[in-house]
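Bear in mind that the values in this text are calculations on the coordinates, not laboratory data. No experiment lies behind these values; they were computed from the predicted model shown. Note that each Cβ is placed from the backbone with ideal geometry, even for glycine, and that neighbours are counted across all protein chains shown.
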Amino acid sequence: MRNTRTLASILCYSAGLLAQNNAPPAKGQPQAAAIDGRDILRRSIATAERSWKAREHYTYTQRDEEKRLHSRGGVKSQDVDDRR
């Protein structure tokens with residue numbers, strides 16, 4: 001789900017970036033400047049894809065602890081939730 005949101009964000013931002021680059025360069029602006037935006041977008045997408053693939057080789061554990069205390073400050077009860 002998170003990958004989908006990240007990809008959607010990249011595509012939304014890229015649409016604006018590409019729209020800016022479709023216009024002819026302003027007077028005195030070199031043609032290469034109009035191509036830079038597309039190159040930046042390509043590199044950004046390639047980096048995101050490498051990151052998503054590398055993520056498959058890592059694991060993590062999320063631990064949620066909830067402690068309820070009695071009136072003297074000691075632990076009355078405790079819930080622990082470990083997730084991978």
Within the set of pairs 6+ apart or on separate chains, which have a first residue in the stretch 35-54 that is charged (D, E, K, R), a second that is part of a helix (DSSP H, G or I) and surrounded by 14 or more Cβ atoms within 10 Å (Cβ to Cβ), and C-beta atoms under 7 Å apart?
Arg38/Asn21
Being without any contact (Cβ under 8 Å) to a residue 12 or more places away in the chain, more than 29 Å from the chain's Cα centre (by Cα) and not in a strand (DSSP E or B): is that true of Ser71 here?
yes
Quick count over the stretch 35-84, residues being in contact with a helix residue (DSSP H, G or I) (Cβ under 7 Å, 6 or more places away or on another chain) and aromatic (Phe, Trp, Tyr), is 1
So, in the stretch 55-80, exactly how many residues are surrounded by 10 or more Cβ atoms within 10 Å (Cβ to Cβ) and among the aromatic types (Phe, Trp, Tyr)?
0
